[in-house]
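Peer 1: My questions all concern the structure below.
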């Protein structure tokens, strides 16, 4: 895979790194302080607009999670908990001690699984539309079950505007493969308990770096009640609402999101 | 050829409700009194099949108005007690949707004891959309299927001390079957396949392999089985290792047979009525399998009629006969259609016959089963074996 094929990522370089025997696809763009960007349920390519803006202020390092994109999935890995340890190993491979970390949606869950294990490995943490803490309590559900709606409805709900890109059946074969791998990985990590680690909320107190939680005010995946649960689990985090943004705030409001992130990280550095 | 009676035990009164009938179809559409009457009626028809000398096949589905048998072994436990001679085929027990393989083994052993050793144990993956109902993990489905299979076989056939099991997917401290099955080392195993590749897995093990409503594709499924069987066992499999499932509508009056077929045909309309998001559950099919399906396009999987044309959008009974999904007519006609398909498919020893389907009523079902058992089954029992393919080619040469 190269950025020639993934044309939405033509503003940086796409490489493969070896993390303890697992090949991981990694995209790098921009210069400045390092920012580890962890993509959401829309995959690395779905985050392109947001990364492009962030790369104006940061050296963005954006891997495809194991099982997504062209990244291998280690045979033992079936929980985001496993992925947390894996990403700590990846920081070592990348020579990053404590970068700023930004995760969106599913990627915010990954970031939390890392930092509840080794809180000192981030200088600042950005959680945009995070998933990962309990998404429901018995019959009360706060997060749309992506496995109970059609691909078309999911594509429509992820952002405020219309979804970009062709439907699955009209994609090139390599695009199909990436989309199908993402579906499989989301099913592996998010099927049940739905999109969460039920123990995560009780571990979040371990995250001590400055943290900002950003929600789109038009998120059609996570309900406001869910953001209150995050506020309770991370009482010291700053909370920001992005006007006019859906679950993919990096797609709907990339410049506004990047401004918020760079201002927050700069404030932390002072 | 042996005949097996099968019905999906549908709650067809709810089929008039528009929209999907499976997974998310609310249960307020079910009148439990009417459901009970229907279930007892279907059981009566199974008992009649037993009296008529037919064998019996039962299945299970979940959260659907197309099949009320929600536990194949529960239904078979009733029939184990109430029937006298029929072989009792569970086809199948959806292993990868079951939480506890030892519970499956216990239920099989119990029913095998009660029936005096008449259980045929169909071990199937389970239909993809019902992973939503079981909420078992869609990924690694086949790994889980085979581990469950291994554990069930180990539990049923164990003649040594009790054992514990620490697998990738299942963990049990101890296993002891009380009772253990009458059939040793375990009841015969059946599987289902819709491709040559999946049939090979059963051929290698010598299990009976069934293919459902696959028409012309049955031939390649059976060929895959035979090749793998010959490789593993050094001889050709008996035809009774292979089975084909289709609907059968029979009457001494041809027009009446077609009228019955129209009632049964409603099954084909009801069965695929479910919402689009349940058509391909994320993570269920391996990426490569999904990719092959996408690249092959929607027409690749369509059933074909005898002229090679794909089955049209709203098929007639004649179309279904041509595609070999239905055998319809007088006893002579039904016999001829089955005998011809037996040759075309390369020979199979079991016809899994939906003798009731769709909205076919009790009186029609009774007459259908009686006529088939008396006038078609004896002739199918005498059907000559189809020689293996290479011998036929040699004969021509």
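Peer 1: Ratio to report: Rg/Rh of the protein assembly as shown, with Cα atoms as the point set and Rh obtained by the Kirkwood method; give two decimals.
Peer 2: Details: Rg = 28.8 Å, Rh = 27.7 Å.
Over the Cα atoms of the protein assembly as shown, Rg/Rh equals 1.04.
Peer 1: Modelling each spin label as a point 7 Å along the Cα-to-Cβ direction, I'd like the residue B:314/residue B:238 distance in nm, to one decimal.
Peer 2: Computed distance between label sites residue B:314 and residue B:238 equals 4.7 nm.
Peer 1: What is the range A:208-270 by shape, rounded, prolate or oblate, if you read a ≥ b ≥ c off the alpha carbon gyration tensor as root eigenvalues and call it rounded for a/c under 1.5, prolate for a/b larger than b/c, and oblate otherwise? Please report the intermediate quantities before stating the final value.
Peer 2: Details: a/c = 3.09, a/b = 1.14, b/c = 2.71.
Oblate is the answer for the range A:208-270, as a/c is 1.5 or above yet b/c matches or exceeds a/b.
Peer 1: I've got another one for you. Taking just the alpha carbons, could you work out the radius of gyration and Dmax for the range A:74-144, both in angstroms?
Peer 2: 13.4, 45
Peer 1: Of B:295, B:102, B:156, which is the most mobile in a GNM of chain B whose springs link Cα atoms less than 10 angstrom apart?
Peer 2: B:295
Peer 1: Another question about this same structure. How far, in nm, would the chain grow between residue B:230 and residue B:266 when pulled straight, counting 0.36 nm per residue and subtracting the alpha carbon separation? Each step should come with its number before you reach the end.
Peer 2: Values: separation 36, 0.36 × 36 = 12.96 nm, distance 3.96 nm.
The residue B:230-residue B:266 span can extend by a further 9.0 nm.
Peer 1: Run the quick spin-label model on residue B:146 and residue B:379: label points 7 Å from Cα toward the beta carbon, then report their separation in nm to one decimal.
Peer 2: It is 4.4 nm.
Peer 1: Counting only other chains, and only Cβ atoms inside 10 Å, what mean value do you get across the residues of B:129-139? Please list the in-between numbers first.
Peer 2: Values: counts 0, 0, 3, 4, 0, 0, 5, 2, 5, 7, 10.
Average per residue, whole number: 3.
Peer 1: Please report the antiparallel percentage of the DSSP beta bridges confined to chain A, to the nearest 5.
Peer 2: Values: 14 of 37 bridges.
Around 40 percent of the beta bridges assigned by DSSP in chain A are antiparallel ones.
Peer 1: Considering only DSSP beta bridges whose two residues both sit in the range B:98-214, what percent are antiparallel, to the nearest 5? Please list the in-between numbers first.
Peer 2: Values: 3 of 8 bridges.
Of the beta bridges lying entirely in the range B:98-214, close to 40 percent run antiparallel.
Peer 1: Computed over the Cα atoms, what is the radius of gyration of chain A divided by 2.2 N^0.38 Å, N being its residue count? The partial results should precede the final answer.
Peer 2: Values: Rg = 16.8 Å, N = 270, 2.2 N^0.38 = 18.5 Å.
For chain A, the normalised Cα radius of gyration is 0.91.
Peer 1: Rounded to the nearest 500, what is the 222 nm mean residue ellipticity of chain B from helices alone, with -39500 (n - 2.57) per DSSP H run of 4+ residues and division by all residues?
Peer 2: Numbers: 14 runs with 162 residues, N = 397.
Computed ellipticity for chain B at 222 nm equals -12500 deg cm²/dmol.
Peer 1: So, one more: Once you place label points 7 Å from the Cα toward the Cβ at residue A:172 and residue A:217, how far apart are they in nm?
Peer 2: Each label point lies 7 Å from its Cα, and together they span 4.0 nm.
Peer 1: Is it possible to state the helix-based mean residue ellipticity at 222 nm for chain A, with each DSSP H run of 4+ residues giving -39500 (n - 2.57), the sum divided by total residues, to the nearest 500 deg cm²/dmol? What is it? It would help to have the intermediate numbers written out before the result.
Peer 2: Values: 10 runs with 95 residues, N = 270.
When only DSSP H runs of four or more count, the value is -10000 deg cm²/dmol.
Peer 1: Once you wrap a convex hull around the alpha carbon atoms of chain B, what is its projected area averaged over all directions, in nm²?
Peer 2: Details: hull surface 80.5 nm².
Projected over every direction and averaged, the Cα hull of chain B covers 20.1 nm².
Peer 1: OK, next. Between residue A:89 and residue B:178, what FRET efficiency comes out of the Förster formula 1/(1 + (r/R0)^6) with R0 = 45 Å and r the beta carbon distance, rounded to 0.05?
Peer 2: E between residue B:178 and residue A:89, to the nearest 0.05, is 0.40.
Peer 1: How do the peptides A:87-94, B:192-199, B:322-329, B:257-264 rank, highest first, by the average count of neighbouring beta carbon atoms within 10 Å per residue?
Peer 2: Working: A:87-94: 17.8, B:192-199: 19.2, B:322-329: 23.6, B:257-264: 20.9.
Ranked by mean Cβ neighbours within 10 Å, highest first: B:322-329, B:257-264, B:192-199, A:87-94.
Peer 1: Please compute the average number of Cβ atoms from other chains found within 10 Å of each residue's Cβ in peptide A:180-186.
Peer 2: Taking the mean over all residues of the peptide, I get 6.
Peer 1: Using a Gaussian network model of chain B with C-alpha springs under 10 Å, which one of B:80, B:373, B:176 is most mobile by mean-square fluctuation?
Peer 2: So, out of B:80, B:373, B:176, the one fluctuating most is B:176.
Peer 1: If you don't mind, there's one more thing I want to ask. Please figure out what share of the DSSP beta bridges in chain B is antiparallel and state it in percent, rounded to the nearest 5.
Peer 2: On the way: 5 of 39 bridges.
Of the beta bridges lying entirely in chain B, close to 15 percent run antiparallel.
Only the coordinates and a few stated rules stand behind these numbers; no lab work does. Given the structure is predicted, the values throughout are model-derived calculations rather than measurements. Reconstructed Cβ throughout: ideal geometry from the backbone, glycine too, with neighbour counts over all protein chains shown.
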